[in-house]
Amino acid sequence: MFDLSEIKKRNICIMGLMGSGKSMIGKDLSKYLNLKFYDTDKEIERKTKKNINTIFEEHGESYFRDIEEKVCIEILTNENCVISLGGGSIISRNIRKVIKNNSYSIYLQVKLNNLQNRLKFSRKRPLLNKNLSKKEILENLLKDRQKYYEKADLIIDNDRDRFQALERIKSQLNTYAN
């Protein structure tokens, strides 16, 4: 079985754009590895007692990013867990630094047209509630974040079946166990 200490990392973090499958794959991976699972967006909601849309509406994005940074850094210092990061958390230099030092990072890469389809009916994504098309918003977000996502230890295509993506992750992690 995969041992994080063998690669001198505390945890596994999963990153990617909204709709890339971070939470679903993170939960499945944590069960497979028998590790605790954290979803940073859920932790932010738990700590603030507000949903993310409400935080954005009442206080704006920069306020949300400040809370996100504190919560992510706190969670990223935990050991033996799988962490699903919010899609935009990677824009924080401080979060990227903690990821690099503490985490085996996995980027779930998904083509923009697939993300559009997955997010077609989503009402829980404040960055999509703007006057631009979803395609335009996703293109802009990817353009801003891709350089950070691509520094992940492992890049996995999650365009089709999440179980295939999960199997590829397990297979890669098992190469460290030998």
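Quick notes on this structure:
- Among the residues of the range 140-158, those identified as in a helix (DSSP H, G or I) and surrounded by 15 or more Cβ atoms within 10 Å (Cβ to Cβ) are Leu141, Leu142, Arg145, Tyr148, Tyr149.
- Members of the range 42-96 that are of a type outside the set (A, V, I, L, M), in contact with a Lys or Arg (Cβ under 6 Å, 6 or more places away or on another chain) and either part of a helix (DSSP H, G or I) or surrounded by fewer than 19 Cβ atoms within 10 Å (Cβ to Cβ) (or both): Glu79
- Residues of the range 5-32 satisfying the condition of being of a type in the set (Val, Ile, Thr) and in contact with a Phe, Trp or Tyr (Cβ under 9 Å, 6 or more places away or on another chain): Ile7, Ile12, Ile14
- Of everything in the range 4-27 that is modelled with pLDDT of 95 or more and not β-branched (Val, Ile, Thr), the residue that is most open to solvent (accessible area, probe 1.4 Å) is Lys27.
- For the condition touching a Gly at 6+ places or on another chain (Cβ under 6 Å), buried (at least 16 other Cβ atoms within 10 Å of the Cβ) and at pLDDT 80 or above, Tyr107 qualifies.
- Cβ separations smaller than 6 Å between residues 6+ apart or across chains give the following pairs from the range 68-83 residues that are more than 21 Å from Phe56 (Cα to Cα) to residues that are of a type in the set (D, E, K, R) and surrounded by fewer than 24 Cβ atoms within 10 Å (Cβ to Cβ): Glu79/Arg10; Cys81/Lys36.
- Cβ separations smaller than 9 Å between residues 6+ apart or across chains give the following pairs from the range 132-143 residues that are modelled with pLDDT of 80 or more to residues that are among the hydroxyl-bearing types (Ser, Thr, Tyr) and not in a loop (DSSP other than H, G, I, E, B): Leu142/Tyr149.
- Pair list, Cβ < 9 Å and 6+ apart or interchain, from the range 158-178 residues that are more than 19 Å from Asn11 (Cα to Cα) to residues that are hydroxyl-bearing (Ser, Thr, Tyr): Asn158/Ser20
The values are calculated or read from the model by the stated rules, or taken from the named source; none is laboratory data. For clarity, every value in this text was computed on a predicted model and none was experimentally measured. Positions of Cβ are backbone-derived with ideal geometry, glycine not excepted, and every protein chain shown enters the neighbour counts. The accessibility values were calculated without ligands, DNA or RNA, using every heavy atom of the protein model including side chains. Shrake-Rupley method; radii C 1.70, N 1.55, O 1.52, S 1.80 Å.
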